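Notes to accompany the following structure.
What follows draws every value from the coordinates through simple rules; no lab data is involved. Since the model is a prediction, treat every value here as computed from it, not as a measurement. Positions of Cβ are backbone-derived with ideal geometry, glycine not excepted, and every protein chain shown enters the neighbour counts.
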Amino acid sequence: MQCPSASFRATPAALTVKPRLLRHTLLFLSLVLLMLGIGYIGYNLSEQSGIRALRVNGERQLELHARAVESEINRYTYLPSLLELENSVSHLLLNPTPYRRTLVNDYLEGLNRRSGNRAIFLLDTTGRVLATSNWRDADSFLGEDLSFRAYYQEAVHGRPGRFYGVGSTTGEAGYYLAHGLRYQGRIIGVAVVKVKLEALQERWEKARLQAFVSDENGIIILSSDPALRMKAVRPLSAEDKERLARSLQYHWWALNEWEPRSREVLGDGLEAISFAASDQSSEVAYLAQTRTLNDTPWHFTLLSPLTDLRREAMIQGMLAAVGFAFLAFLLIAWNERRKVIATRLAAREALLTANNELERKIAERTADLRASNARLLDEIRERKQTEDNLRKAQDGLVQAGKLAVIGQMSTSIAHELNQPLAALRTLSGNTVRFLQRGSLDTASTNLAAINELVDRMGRITASLRAFARRSDDHGQARLGKAVDAALFLLHARLERTPLTLHRDFGDVLLAIDQTRLEQILVNLITNALDAMSGQPDCQLWLDGRIDGQTYRLQVRDNGPGIDPANRVHLFEPFFTTKPGETGLGLGLTLSASLATAAGGSLAAHHPETGGTAFELSLPLLESTDSTASPTP
Ligand code: ADP
């Protein structure tokens, strides 16, 4: 399978890694930002919904407690006007006498005790206190000029006087209700009731309610938190401060401003206020709901703590962020898994395609191979046929070659045989004549010579017959066995010769008839022995080596070597340098012919170190001996 080279263009590792790292970092940062954003949104939504719920609940509470304050205030509004009905009061105002004053003092004292107020007192039209419920007390108002009080000024003009202030004599805060007392349509005095409102504060404290009431000047006159009392809920101008200080409404209170850390208007009468906690390090936040109190210019404010709500909103925000992170993690994991599955599927798909392709190719190749196999079988058959034909032709040729050699030699053979024949004719004729003369000794000498000549002729014809024999050109021979047989044949001669034999060849199987190989070896060894005869030190080397499909055996001696003039004639028939009748001159010729007939060769070498080496090369059939030295 071939890979598309274009899709695998080499990219430096650093360039492939960096964008991925950058992408992952950006993804991580955007996820963190999204997480923070979702956390913030979660926090805001939770806070808003919490504020809504708190607001609804707070509105109910506000209404409830504002009404409680209203009823507390209104409970005594009728009380000053009651004094109009009391004759002793009007008598005192019209004509003040000590007796009448005592009478009214007692009356007011009793009334005040029953109504449970701070004080009830009576002013004349000049604003001086004529009678009071606390006439017995050391800090009694009796005789005091209260004309500067706003409630007096309102009431003396026939309007209801409503006023919250701190008593200039007692220093006690209270709600002053004043009413102008009429006699025959004319205002003859003012009746004032000073109402205690501290009970409201105590009730709020008990109910753990955080609330306050601010008056028309924005001063907190009632508060569940004592620290807030007499603080201004809005900034006071210097003139206002001056005016209020002069009016002594709040006695000598500093009238500091209530200073929240932050103040956010959320709606009509709705604010989120935060201010430092008592330890100054943290912050407390409240939802402030304000409502006007009926029949007064006052405002009632309810404070609902936002701390719990904000903590809950924070938890909700964190939960939203964590939920988002978890969801994002799941999404990323799912996406990664999807990618892995897609990659695996693609890989499987590719593998399947490759497999199919491979199978298709294998099928194609198998078909091709089958076809070429069939072709090869046909070829082999044809080759075998041709080989058989060739072998037959070769056999014929070899035989023809041999016969041709014999033909070539025929002149020499004829010459070789004619000489002894001529000698035989002469000798036999002579012998007959010697026998007729009775010269038996000479006749027997001649007969012995005739015998020798016949032997020689027999040996010549035997050699030629063995050479011309048709069979066994393609036999098999074991080299070791052939060497041993040759040495055995020559053992009588070897016993006479002081020879050192060096054997270095493998036990190989060669493609030649066993007897022919022995015949070649006998010729070569005999020649070597002949050459070395008379030498004191005779060395014979039989060295074999594998050369591809051929085995080369070298038969080398340390004899005198061959005269360069004779070297070219070595393989000619009947060439011999051996004296007398010892050499036939057929050994090398026939050996070379036998080697050639077996598909090999025989060649002579003349080492510079001396001696002669004949190299017999024959086709190798099998090499089982590990000692056989292979060709380098
Ligand atoms: P013959 O042995 O009958 O002479 P060959 O054909 O075997 O016939 O040898 C031809 C001649 O080659 C020998 O007479 C000899 O002169 C020469 N010759 C053969 N082998 C050797 C040898 N190993 N050393 C020297 N000369 C040799």
Original post:
By count of other Cβ within 10 Å, fewest leading, how are Val89, Val483, Val32 ordered?
Top reply: Val32, Val483, Val89
Original post:
Ranked highest first by average number of other Cβ atoms within 10 Å, how do 51-64, 218-231 line up?
Top reply: 218-231, 51-64
**OP:** Considering the options Leu93, Ser140, Ser262, tell which one lies farthest towards the positive end of the dipole of the chain, charges being +1 on Lys and Arg and -1 on Asp and Glu at the Cβ, about the Cα centre.
**Re:** Leu93
**OP:** Could you tell me which of rounded, prolate or oblate describes segment 478-519, using a ≥ b ≥ c as the square roots of the eigenvalues of the alpha-carbon gyration tensor, with rounded for a/c under 1.5 and, failing that, prolate when a/b is larger than b/c and oblate otherwise?
**Re:** oblate
Subject >> Partners for Lys241 among aspartates and glutamates (Cα-Cα distance below 13 Å; same-chain residues under 8 apart left out) >> reply: Glu257
Original post:
Hey, which of these cross-link pairs are over 26 Å Cα-Cα: Lys206/Lys231; Lys361/Lys384; Lys194/Lys231; Lys384/Lys481?
Top reply: Lys361/Lys384; Lys384/Lys481
Original post:
In terms of modelled amide H atoms, which long-range or inter-chain residues lie less than 5 Å from the amide H of Phe571?
Top reply: none
**OP:** For segment 10-167, just the Cα atoms, rotate onto the principal axes and tell me the three extents in Å, largest first.
**Re:** 123, 30, 28
**OP:** Only helical DSSP H runs with n ≥ 4 go in: add -39500 (n - 2.57) per run for the chain, normalise by residue count and round the 222 nm mean residue ellipticity to 500 deg cm²/dmol.
**Re:** -18500 deg cm²/dmol
**OP:** Pick out, from Thr577, Ile315, Tyr286, the residue whose Cα sits farthest towards the positive end of the charge dipole of the chain, with +1 on the Cβ of Lys and Arg and -1 on the Cβ of Asp and Glu.
**Re:** Tyr286
Subject >> Label point at Glu70 placed 7 Å out along Cα→Cβ; residues across segment 205-223 whose backbone nitrogen lies under 18 Å >> reply: 212-216
Subject >> Whole-Å semi-axes of the ellipsoid equivalent to the chain (Cα gyration tensor, √5λ, descending) >> reply: 167, 24, 16
Original post:
In straight Cα distance, which aspartates and glutamates are under 17 Å from Lys392, not counting same-chain residues fewer than 8 positions off?
Top reply: Glu382, Asp472, Asp473
**OP:** Taking every Cα atom in segment 100-192, find the radius of gyration and the maximum pairwise distance Dmax, and write them in Å.
**Re:** 12.2, 36
**OP:** Kindly put Arg100, Arg503 in sequence by how many other C-beta atoms sit within 10 Å of each C-beta, fewest to most.
**Re:** Arg503, Arg100
Original post:
Fully extended, how many nm does the chain gain between Leu377 and Ala227 (0.36 nm per residue separation, minus their Cα-Cα distance)?
Top reply: 42.0 nm
**OP:** List Val233, Val432 from most exposed to least, where exposure is judged by having the fewest other Cβ atoms within 10 Å.
**Re:** Val432, Val233
Original post:
What's the extension gain from Glu84 to Asn356 if we count 0.36 nm per residue and subtract their Cα-Cα distance?
Top reply: 86.0 nm
Original post:
Size of the dipole of the chain about the Cα centre, Lys and Arg at +1 and Asp and Glu at -1 on the beta carbon, nothing else charged, in debye to 20?
Top reply: 1240 debye
Subject >> Long-range Cα-Cα pairs in segment 492-616 (distance over 19 Å), rounded percent >> reply: 48 percent
Subject >> Equivalent-ellipsoid semi-axes of segment 264-374, from the Cα gyration tensor, Å, largest first >> reply: 81, 14, 7
Subject >> Extension gain from Asp106 to Ser168, taking 0.36 nm per residue of separation minus the Cα-Cα distance >> reply: 20.0 nm
